[in-house]
1. Amide H of F46 versus every other amide H placed in the peptide plane: which residues, excluding those fewer than 5 positions away on the same chain, fall under 5 Å?
2. So what is the calculated 222 nm ellipticity per residue for the chain, using -39500 (n - 2.57) for each DSSP H run with n of 4 or more, over all residues, to the nearest 500 deg cm²/dmol?
3. In whole percent, what relative contact order does the chain give with Cα contacts below 8 Å and a gap of six or more residues?
4. Quick one: if the Förster radius is 41 Å, what FRET efficiency do E189 and R22 give, using the C-beta to C-beta distance and rounding to 0.05?
5. List T130, T136 from most exposed to least, where exposure is judged by having the fewest other Cβ atoms within 10 Å.
6. If you place +1 on the Cβ of every Lys and Arg and -1 on the Cβ of every Asp and Glu, how big does the dipole about the Cα centre of segment 3-189 come out, in debye to the nearest 20?
7. Can you tell me which of N153, N23, N97 moves the most in a GNM of the chain? Springs connect C-alpha atoms under 10 Å apart.
8. Using a Gaussian network model of the chain whose springs link C-alpha atoms within less than 10 Å, name the residue from N88, N169, N32 with the highest mean-square fluctuation.
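No value in this document is a laboratory result; all are computed from the given coordinates. Keep in mind that what you see is a predicted model, and the values were worked out from it rather than measured. FYI the Cβ positions are ideal-geometry reconstructions off the backbone, even for glycines, and counts take in every protein chain you see.
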Amino acid sequence: MNESSSTSANWKQFVRECQQCRNCPLSESRRNVVIWRGAEQAPLMFIGEGPGAEEDEHGIPFIGAAGRLLDLLLTASGLEPDYFHICNIVKCRPPQNRVPTPEEAKACKPLLARQFRLVHPRIIVLLGATAYKYFTGNSDGISKIRGQWIEKNGYLIMPTFHPAYILRNNLERGKLWEDIGQVRMKMEELGYLQPLVHQPDMPQGRS
């Protein structure tokens, strides 16, 4: 079996494990397990909080309003889906879109760890306070820590605002755009992307 076939088989097994997971009560209310979108292996990985209603319906993360805004900003910055992988701290929708509990995040942690081994990211973008807290174990406010690079376990980590927060607070859009720009520059420094000839302007709108 070549490397590509082996990777595909590993992903299929991982998806089955996620679909069969009953490690927390969220499995009882979900419609679909929401695992990832983007590239199966990528240098850049985005981690959000948890699926919403649209994601739960279709089984794909970040396809609602927040995801459309994220895609708008990523496309404008020249970050194409071939270069990134998107997932969440938990793979099942919390009722009423509430924040995942520590127990739910802990139950999903082994699956997320396995996902990391499959994706092999170098850069991790933590979208929002929940992802930052559960991934790093720190409780600093996201406004305080965003935009600052953190090195942990061989990863380069960038905490930033969740796009859902930007939908409610559009005046902060420039900060998320700035952080995405830092990620773009880091991708260039590491040789994953060629430098842009012209720096893009921040897009307006929501999608």
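1. Counting only residues 5 or more places away or on other chains, the set is H85, I86, C87, V125.
2. Values: 9 runs with 93 residues, N = 207.
Computed ellipticity for the chain at 222 nm equals -13500 deg cm²/dmol.
3. Averaging sequence separation for qualifying contacts and normalising by length gives 23 percent for the chain.
4. Working from the Cβ atoms, E equals 0.45.
5. Values: T130 21, T136 16.
Neighbour counts put them in this order, fewest first: T136, T130.
6. For this selection, approximately 440 debye.
7. So, out of N153, N23, N97, the one fluctuating most is N153.
8. N169
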